[in-house]
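Okay, structure first, notes after.
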Amino acid sequence: MAPLLARGILRFPLTLFSSPWRPLPIDRRRPGGDIAALRAVLQALRSHPVLVFPEGTRRRGEAAVGLPGVGWLALRAGVPVLPAALLGAGDAMPRGAIWPRRRPLLVRVGPPIDLGAAALGARSTERAAEVTAVIMAAIAALEADGTPPG
């Protein structure tokens with residue numbers, strides 16, 4: 001599984017461990033989005049799963065909001081989306097930390113979201129936002145059902 005990671009994250013010490021993952025870099029600061037990176041994700045999806053963090057960054061306790069590119073990717077790729085929540089990540093790797101702390105984590109995975117017919121329809125900005133909202137609702141449900149690790 002290849003993770004989609006911010007270009008700035010892919011530096012030492014993470015690069016020591018990244019080659020087996022085949023990470024896909026994305027420039028989150030590019031005006032209008034990093035279209036080349038999104039195309040690389042679509043290409044990668046032809047041969048293997050891609051791990052996408054729909055929020056684009058670690059959150060600071062606020063409600064989860066997915067970026068519109070997530071819905072665009074899901075519609076364009078036409079593959080099922082497997083929602084997952086990683087509980088305890090904020091304690092294990094808080095903002096600004098260079099190395100993770102030894103903390104328990106819990107991964108919860110939901111049923112696949114098959115966009116099937118939706119992927120064949122219009123791929124408008126509004127439709128991408130709707131799909132992003134569906135994905136984020138599935139993740140929020142996993143977080144609400146999860147027992148905090150520890």
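Observations on the structure shown:
- Candidates are the residues of the stretch 93-122 that are charged (D, E, K, R) and within 21 Å of Val65 (Cβ to Cβ); the one that is modelled with the highest pLDDT is Arg108.
- Arg102 being at negative phi, loosely packed, with under 14 Cβ neighbours inside 10 Å and assigned by TED's automatic domain parsing to the domain that holds Ala128: yes
- When we screen Leu10, Leu14, Leu42 for residues that are touching a helix residue (DSSP H, G or I) at 6+ places or on another chain (Cβ under 8 Å), at pLDDT below 75 and farther than 21 Å from Ile139 by Cβ, the only hit is Leu10.
The values are calculated or read from the model by the stated rules, or taken from the named source; none is laboratory data. Here the structure is a predicted model, which is why all the values come from computation and not from measurement. No Cβ is skipped: glycine too gets one built from the backbone with ideal geometry, and neighbour counts run over all protein chains shown.
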